[in-house]
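Heads up: the structure comes next, in structure tokens.
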Amino acid sequence: MAGASKAALDSRANLPFVYRQYSPEQLRQVLHKMYLIRRFEEGAEECYMRGLIHGTMHLSIGQEASAMGICMPLAEDDQITSTHRGHGHCIAKGAEVSRMFAEFFGKTTGYCKGRGGSMHIADVAKGNLGANGIVAGGIPIAVGAALSSKMMKTGKVVVSFFGDGANNEGAFHEALNMAAIWKLPVIFVCENNGYGMSTSTARSTAVKNIAERAAAYSMPGVIVNGNIFSEVAEASFKAVERARAGEGPTLIESKTYRHRGHSKSDRNRYRTKEEIEDWMANRDPITLFETELRDFGFIDDQGIQAIRDAVAKEIADGIEFAKESPAPEIATLENYVYTEQA
Amino acid sequence: MDAAVRELSYAQAIQEAMAIAMDMDERVFLMGEDIGVYGGAFQVTGDLVERYGTDRVIDTPISELGGAGVAVGAAVTGMRPIFEFQFSDFATLGMEQIVNQAAKMRFMLGGEVSVPVVMRFPAGSGTGAAAQHSQSLEAWLGHVPGLKVIQPATPHDAKGMLLAAIADPDPVMIFEHKLLYKMKGHVPEGHYTVPIGKAEIRREGRDLTIVATSIMVQKALDAAAALEGEGIDIEVVDLRTIRPIDRQTVIDSVKKTSRLLCVYEAVKTLGIGAEVSALVAESEAFDYLDAPIVRLGGAETPIPYNPDLEKATVPQVPDIIAAARDLVKGVR
């Protein structure tokens, strides 16, 4: 917390965790990135509506505090595995929106050179080992990455993001068990947004809280309000400390909500309009964090407007970059299947 | 002992390859069920745990899906795991990680990663283990771009191809027929590789090409020896790799002999024999054919328990002799 005077620190003593742990500039950056995630997804959605992006996408609008809070204590070379709802994780781990847009547009300048699209977005240089189209597919891979960290003594911590749907997959249970018996530096983050596609957790899951499943694997199970940045970041901070100290994995259940449907085909018939509007109006993670920042004196209206303007420009520039980027040549179709091919 | 004639069993050859790889490269490690003090269900890892310790010879829980995924994750992040499925049948439990993750990760990420994982699959029938411990599923994996799939048929190739697989930057699936584990043969000392994607002509001949895989290579050689007395001269091609398949060696052989018999243990329909037949039919070798192409594969049934039924399920030497004789004599 370079630069913070003792008086400033004292004045923060009663504030929530992140306001004591991180500098005002770092926290304004968090707000910037939360806006970047939100506007990126809105921009992607609009491009999809206009026919500029094909396929489908799974938007995490409403879950920005979860992605940002979990990634807050991670170092640049720490790693994550992500999910089909992974745009926020990718940006939170440090990706550039221009190259993400380019990927969605199927261009060679995209993170996956147009081969992956939304569902496989990755940024390996920043430690994002990739989103995944298979529910729970990334969880054992994260455990493998953590095994590498332990064997090579790199000190890296690995975070595996997954949704509530994944906690009923066998891979979840097998992976948590192995991480626990081998005390690996991995953090399992269940972003519980209440629905696995259309099926609510109440209908799909025998336990009330997914964090309870941690007990079966002798690891801490922590429940946080996934829409409150400080709560998520604090839980993540503790889990990262524990992992780095060689004490093993943690399961964090981040309870949140997606404002949009599961994917572009969703007609939202399994939840009420009132429910959605209630979450949007009363528990929007960006509004909650922005209000706290303002109330605690970390930012003023002018500062917020400056962030919104900067983000709007970044998004517009990113879309422009994607539009202007070259499409892959058909002749390169078989590239990247095998290493010797390209 | 004279190195030139040193003999090892197929299982010992694999174990030696793993030990050499671990000596050469500290990133190489082994994972699997009961591969530590137990030595592996078929004693392939044997006493490696005593030599390399439990950090590098890791007993996993009975979690094929999770275990395969851990191996994939370790491979992507810099290690060189060798994951043993206790029986190839258990590939069914790990299929998600093999097919959706290992095979596609490099492609999906636009070449940003490689997945240098080796998965070993003890395969095949003949042990009385019945329907869930006797299958030959290599063609399933051979259908997946991004994987390489090999079936060494001799101790020499088992060691050399495994060392090639470990050095390969992409996922390599190695199918080891359980009945071959005790087969003895010449195995050179030290490090050497046998290339993936290259078939081997085990016996030269002019009347008929038999393209065989795995244990069927030896059976084809036995059949060829038996038919020698009848004046039938058989060429035996050991395919060795089913993805990427060595088209040219097969095509050249058929152009020479004008007849093709495919012999493999897996269920006949939609198997490797169909692929070999088709690649010949699509090539210039088609014009050289003097007889229809014939496939000898496994029966359209799960592997039964009863030993006589079990034998009858997969091609045996007399079946190969009969099919080869009919083909050459024009009965077919």
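Just so it is clear, none of the values below were taken in a lab; they were calculated from the coordinates. Just so you know, these numbers come straight off a predicted model, no measurement behind them. Quick reminder, even Gly has a Cβ in these numbers, built from the backbone with ideal geometry, and neighbours come from all protein chains shown.
When you count, for each residue, the other Cβ atoms within 10 Å and take the mean per peptide, how do B:90-97, B:127-134 rank with the highest first?
On the way: B:90-97: 21.0, B:127-134: 16.2.
In descending order of packing, they fall as B:90-97, B:127-134.
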Self-check item: Spatial extent of the stretch A:74-124: Rg and Dmax, with the Cα atoms as the point set, Å
Solution: 10.2, 30
Exercise. Would you kindly work out the equivalent ellipsoid of the stretch A:30-128 from its C-alpha gyration tensor and give its semi-axes, the square roots of five times the eigenvalues, largest first in whole Å?
Key: 21, 15, 10
Exercise. Give the calculated FRET efficiency between B:M24 and B:T269 to the nearest 0.05, with a Förster radius of 45 Å applied to their Cβ-Cβ distance.
Key: 0.60
Quiz prompt | Partners for A:K255 among lysines (Cα-Cα distance below 21 Å; same-chain residues under 8 apart left out) | solution = A:K33, A:K93, A:K208, A:K238, A:K273
Self-check item: Peptide A:330-337 - average C-beta neighbours from other chains (10 Å radius)
Solution: 3
Practice problem: Could you pull out the longest piece of chain A with no exposed loop GluC sites (Glu not before Pro) in it, calling a site exposed if DSSP puts it outside H, G, I, E, B and it has at most 12 other Cβ atoms within 10 Å? | Solution: A:77-328
Practice problem: Can you tell me the order of B:286-292, A:106-112 when each peptide is scored by its average per-residue count of other Cβ atoms within 10 angstrom, highest first? | Solution: A:106-112, B:286-292
Quiz prompt | Projected area, mean over directions - the stretch A:242-295, Cα convex hull, nm² | solution = 6.6
Practice problem: Show which lysines lie in cross-link reach of B:K255 when reach means a straight Cα distance below 29 angstrom and same-chain residues fewer than eight apart are skipped. | Solution: B:K148, B:K198, B:K219, B:K268, B:K329
Self-check item: Sequence-separation-based contact order of the stretch B:5-116, relative, with Cα cut under 8 Å and 6+ spacing, percent
Solution: 24
Quiz prompt | Sparse-neighbourhood loop sites, trypsin sites (Lys or Arg not before Pro) in the stretch A:261-342 - DSSP loop, at most 11 other Cβ within 10 angstrom | solution = A:R267, A:R269
Quiz item: What is the set of long-range amide H partners of B:V117 at a cut-off below 5 Å, with H atoms built 1.01 Å from backbone N?
Solution: B:V172
Quiz item: Quick one: of the DSSP bridges fully inside the stretch B:200-329, what percent are antiparallel, nearest 5?
Solution: 20
Exercise. Would you mind checking which residues have amide H under 5 Å from B:V149's amide H? H placed 1.01 Å from N; only 5 or more apart, or other chain.
Key: B:M173, B:I242, B:R243
Self-check item: Cα principal axis extents for the protein assembly as shown, largest first, Å
Solution: 99, 55, 44
Practice problem: With 20 Å bins from zero, work out the P(r) of chain B over every alpha carbon pair and list the percent per bin. | Solution: 33, 57, 11
Quiz prompt | Whole-Hz couplings from phi, Karplus 6.51/-1.76/1.60, listed for the stretch B:230-237; x for Gly and Pro | solution = 8, x, 9, 10, 10, 9, 10, 9
Quiz item: What are the ³J(HN,Hα) values, in whole Hz, obtained from phi via the Karplus relation 6.51 cos²θ - 1.76 cosθ + 1.60 with θ = phi - 60°, for each residue of the stretch A:250-263 in sequence order, with x given for Gly and Pro?
Solution: 9, 10, 10, 9, 9, 7, 8, 7, 9, 5, 8, x, 4, 9
Self-check item: Neighbour cut-off at most 11 other Cβ (10 Å), DSSP loop, trypsin sites (Lys or Arg not before Pro), the stretch A:132-174
Solution: A:K153
Quiz item: What fraction, in whole percent, of alpha-carbon pairs in the stretch A:191-342 exceed 25 Å separation?
Solution: 58
Exercise. Report the far tail of the P(r) of the stretch B:244-332, meaning the percent of Cα-Cα pairs longer than 17 Å.
Key: 52
Quiz item: Looking at the stretch B:42-189, what % of the alpha carbon pairs are farther apart than 25 Å?
Solution: 26
Quiz prompt | B:L260 long-range amide H proximity, modeled H, under 5 Å | solution = B:T209, B:V294
Quiz item: If you count, for every residue in B:110-119, the Cβ atoms of partner chains within 10 Å of its Cβ, what is the mean?
Solution: 5
Self-check item: Neighbouring partner chain Cβ atoms per residue of B:77-83, average, 10 Å criterion
Solution: 5
Exercise. Which order do the peptides A:115-128, B:191-204 take when ranked by the mean count of other beta-carbon atoms within 10 Å per residue, highest first?
Key: A:115-128, B:191-204
Quiz item: Lysine pairs in the stretch A:104-188 with alpha-carbon atoms under 15 Å apart, 8 or more places apart or on different chains: how many are there?
Solution: 4
Exercise. Quick one: grab Rg to one decimal and Dmax as a whole number for the stretch B:1-92, Cα atoms only, in Å.
Key: 13.7, 44
Practice problem: Can you find, among B:L208, B:V70, B:A167, the residue farthest towards the positive end of the dipole of the protein assembly as shown? Put +1 on the C-beta of Lys and Arg, -1 on that of Asp and Glu. | Solution: B:V70
Practice problem: Per residue of the stretch B:82-99, in order, report the coupling 6.51 cos²θ - 1.76 cosθ + 1.60 (Karplus, θ = phi - 60°) as ³J(HN,Hα) in whole Hz, putting x for Gly and Pro. | Solution: 10, 9, 9, 7, 4, 9, 4, 4, 6, 4, 4, 7, x, 4, 4, 5, 5, 7
